[in-house]
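Down below is the structure, laid out as structure tokens.
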Amino acid sequence: METIYHLLDVPAEKAGFLRNAISTAAGFSGWWTSKTEQPEPGILRFNFPGNYHKDFKVLKKEANEFEYECVDATPEWKGTRFSFKLMEDNGKIIIHFRHSGWKDQTPMFGICNFHWALYMKSLKDLVETGTGNPTKV
């Protein structure tokens with residue numbers, strides 16, 4: 001199985017804002033896709049242009065670990081998981097982001113790796129400046 005991995009940091013004083021951004025529909029709307037919803041408890045729906053969405057089940061929501069499993073999307077995404085592990089170090093929160101469970105390094109894997117890098121920059125911008133760059137729906 002293949003894993004996309006990105007590492008970034010934000011100021012430790014923004015930890016509460018960061019946790020909200022990676023654990024709530026409103027938070028994700030600020031940096032991943034502007035139309036994120038919670039259609040039922042424990043499920044987040046990420047809507048994208050073209051009437052496309054990805055549904056993720058919340059697996060873990062702790063102070064420093066958040067994990068989600070794709071339960072509805074294109075076949076390559078279904079069953080994959082993305083997670084955030086937060087570690088404090090020298091006034092910074094180090095964010096370890098992983099999107100795991102990919103069956104192979106397909107073209108979709110490469111496209112998603114590229115886009116996750118852009119979205120991690122969007123997350124960092126949102127946390128540090130209050131403005132991210134989510135996909136507009």
**Asked** Counting only protein heavy atoms, what percent of the accessible surface of the chain is carbon or sulfur at a 1.4 Å probe?
**Response** 51
**Message:** Can you tell me the orientation of helix 107-129 relative to the chain, as the angle in degrees between its alpha-carbon axis and the longest Cα principal axis, to the nearest 10?
**Reply:** 30
**Message:** Less than 26 Å apart at the alpha-carbon level, and either on another chain or at least 8 residues along: which lysines does that give for Lys35?
**Reply:** Lys14, Lys54, Lys57, Lys60, Lys61, Lys78, Lys85, Lys121, Lys124, Lys136
**Message:** Just to be sure I understand: with springs between alpha-carbon atoms less than 10 Å apart, which residue in Thr80, Thr36, Thr24 has the highest mean-square fluctuation in the Gaussian network model of the chain?
**Reply:** Thr24
**Item:** 5 angstrom amide H check on Trp31, placed H, neighbours 5+ away
**Value:** none
**Prompt:** If contacts are Cα pairs under 8 angstrom and at least 6 residues apart, what is the relative contact order of the chain in percent?
**Reply:** 33
**Message:** In Å², and per residue, what accessible area does segment 1-69 have when probed at 1.4 Å with the other protein chains present?
**Reply:** 50
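The values are calculated or read from the model by the stated rules, or taken from the named source; none is laboratory data. Predicted model, so just to flag it, every value in this text is computed and none were measured. Heads up: the accessible areas ignore ligands, DNA and RNA and are worked out on the full protein's heavy atoms, side chains in. Shrake-Rupley method; radii C 1.70, N 1.55, O 1.52, S 1.80 Å.
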